[in-house]
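Have a look at the structure below, then the notes.
Read the figures in this text as sums done on the coordinates, not as results from a lab. Bear in mind the structure is a predicted one, so any value in this text is a computation, not a measurement. As a convention, Cβ positions derive from the backbone with ideal geometry for all residues, glycine included, and neighbour counts pool all protein chains shown.
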Amino acid sequence: MTQQTTSAGFSIGVDIGGTHTDMIVASASGLTRSKAFTTHDDYSVGVFDAIAVAADTLGITTDELVGGCHAFINSSTIVTNAVTEMRGAKVGVLITRGFKDTFRIARGARKADYDDHVQTTPPEVVARDCIEEITERVLVDGSSPVALVEDEVRAAVRRLRDKGVEAYAICYLWSFNDPSHEQRTRTILLEEHPEAVVMLSCEVHPVIRETERFFTTVFNCLSHRGATRFVDQITAELTRRGFTGALSFFQGIGGSASGDAVKAKPMTMLASGPAGGVMGAAALAAQMGLKDILIGDMGGTSFDTALLHNLEPAIAKRVAIGQLQTGVDIIDVVSVGAGGGSLAWIDSRGVPQVGPHSAGSMPGPVCYGRGGTIPAVTDASIVLGLIDPGNYLKGRHQLDRAAAAAAIEEVIAKPLGWSVETAAAGIFDLAVINMANALRTVSIERGYDPRAFSFFAYGGGLGLFAVEVARRLGCPNVVIPDNSSAFSAQGVLMADYVRQYNRTINWMMSDESQVPRINAVLDEMRAQALADAANDGLTQSDLEFSISGDGCFAGQVWEITVPLPNRPVTAEDGASLSSDFPSIYERAYGPGTAWRDSPAMLVNISVRAVYRRPKPTSRQQDPVAGAPTPAAVSSREVFLPEARRLATIPIYAEADLIPGTKVTGPCIIDVGDTTIYVPTSSVCERDRFFNFSVSI
């Protein structure tokens, strides 16, 4: 991936979601968005469908757009889907003898429920007969009292190969302190099975705690096939079309990396789509002079939410996949099944529900006419009259309102004795409640008052629900960004190249004798970052480094993040951090919580390497003072979900609303590839950045 700094030509950001593939094309003339259905059998087809739509909008051919592109950045749900559905390559594990049940024990993974009758065992990520124990042992101090028995490795690999294993996770105890056994095992394994994929836990996640390290390694193996196929398909098709620019892939940590990097560690792409939206929201909020925002992204499959305090996204460390802990760090995003494709149903108690299951893009909601029979949130929206069935995706796909109404009547209205419109309004309300509850999780439950936050709402579906969601939280205003239907794709263009490296060091911070060892580890990590950057076409002068650590009081199990200077550490740094750590700890957990009688310990250290990519500029225009309300392009009968009554309301065209224009609800703003509903008693104004700002 050769990074280029020229602003000439095009740059393209892509977000592949469960239902739609969204795209933003940046050029000297501004930003152009497009949208196509996601094609799960070959994601590149949906990507090039979106490219074709963008090219048509720009008045050029697809090949002209691809050939003139200097930066192409992808985010996708591929890895997220693989690990949440536990579908991917057949994985085999070579593990230290005596520890075969690590994956079953999984640190006693349990649900957060006191009723033992509802507890379930963790899912079986690797079939038990595909886990082979190998005689070897490395201790905590890096010594090796038990040598690797190489004949056992060869025999185990032959057995696993005969069972159809495609990818091998080598998971030995304390291997990050001495990687030689894992490295030698890889050499032997490839002699026996040359075409196999091999992941070493000492390379994938060289951090203490074998459960997280082993599961991270296995999940990388599981998702490797799909991630590699995706990267290779996109690369090959772009190359065939004449692309010669920089191709990169977005990571859940909030930055892009090369195709080779994400193929080596596919789990870095976990939750990459939502992360792109968060980075885009941070950039837009900075332009607007805002520091505290709540974020909502409603697509076809899910609703993703996050919180930015002082424009800093929270980082979820050691993120869990269901009941299973990993060592992966991602931007902290909470997701619930409240997308446009989320299905409505009635539970065993006779209570209507929405989600978490989704219709996806195939068959999609009933109104898509692709064979769906269970009503989804989009079906409710079209029955309420909020969506124009003849203008979906700017008229490229006609929706069937009658089919949607029939499905809602059969599945929801008849069993409850409601009218179809009342049932549709109930589905609308349930979607709003699910989204509001997710926002409470990232705000109220973490000590933040949502009444002090602006709500940034984007994604193809959220414009219909955003104001009602914000009302339930008490947010004073809603910002629906320009290009909201493809905002996560825009966000990946606003983020930088990022690589993160983690190591366990176990440093008692007051022990100055350990300073040379700590600096040696930092030197190794920086050297690795520079080597990886060189492979990606960057030089040392292009990179910025930031250093942080995970600290705790000796004897604690969990750590908190602490900043470190971006230079060699000194004994004075250790002494200062040791004395400051109680106050750092109490800022996180409250006065009196620090364990002051225990020495402070830096368990892990992280090096973050960043290349500041060129960013596209969004359009701006000073608001027109006293701008008149434009004429409505039409009107439509809508069953107002907040009032439970029919009303004929005006429809405004997005193109007619210039900065400074205000419209009063109830009304609808037709944006072509999304719809904004302004409920009763709300006022929507177009701001200087062409966002729709709604006062509640």
Exercise. If you take the C-alpha gyration tensor of the range 271-483, multiply each eigenvalue by 5 and take the square root, what semi-axes do you get, largest first, in whole Å?
Worked result: 31, 18, 17
Seminar exercise, completed: Semi-axes (Å, rounded, descending) of the ellipsoid equivalent to the range 225-356 per its C-alpha gyration tensor are 29, 22, 16
Exercise. Expressed as an acute angle from 0 to 90° and rounded to the nearest 10, what is the orientation of the C-alpha long axis of helix 210-240 relative to the principal long axis of the chain?
Worked result: 60
Exercise. Any idea how far apart ARG128 and LYS100 come out in nm if each label point goes 7 Å out from Cα toward Cβ?
Worked result: 0.9
Problem set entry | Along each principal axis, Cα extent of the range 367-496, largest first, Å | 43, 35, 20
For this session: Treating each Cα of the range 548-593 as an identical point scatterer and ignoring solvent, apply the Debye formula and state log10 I(q)/I(0) at q = 0.22 Å⁻¹.
Result: -0.81
Problem set entry | Cα-based convex hull, the range 497-611, per residue volume (Å³, whole number) | 98
Exercise. So what are the radius of gyration and Dmax for the Cα set of the range 634-695, in Å?
Worked result: 11.5, 35
Problem set entry | Cut-off 12 Å, label 7 Å out along Cα→Cβ of GLU637, residues of the range 647-669 by amide N | 647-649
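Give me SER76, SER513 ranked fewest to most by other Cβ atoms within 10 Å of their Cβ, as a rough exposure proxy.
The most exposed by this proxy come first: SER513, SER76.
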Exercise. Any idea what angle helix 150-162 forms with the longest principal axis of the chain, computed on alpha-carbon atoms, 0 to 90 degrees, nearest 10?
Worked result: 30
Exercise. Once both axes come from the Cα atoms, what is the angle between helix 515-535 and the longest principal axis of the chain, in degrees from 0 to 90, rounded to 10?
Worked result: 50
Problem set entry | Cβ crowding within 10 Å averaged over residues, with 36-46, 487-497, 189-199 ranked highest first | 487-497, 36-46, 189-199
Exercise. Ratio of the chain's C-alpha Rg to 2.2 N^0.38 Å, to two decimals?
Worked result: 1.00
Exercise. In which sequence would SER681, SER335 go, from the one with the fewest C-beta neighbours within 10 Å to the one with the most?
Worked result: SER681, SER335
Problem set entry | Cα point-scatterer Debye curve for the range 85-221, base-10 log of I(q)/I(0) at q = 0.09, 0.16, 0.17, 0.18 Å⁻¹ | -0.26, -0.78, -0.87, -0.96
Seminar exercise, completed: Ordered by fewest other Cβ atoms within 10 Å, a rough proxy for footprinting exposure, CYS552, CYS69 read CYS552, CYS69
Exercise. In terms of modelled amide H atoms, which long-range or inter-chain residues lie less than 5 Å from the amide H of ILE131?
Worked result: VAL93
Seminar exercise, completed: Note: SER144 to ARG567 extended length (0.36 nm per residue) minus current alpha-carbon separation gives 149.0 nm
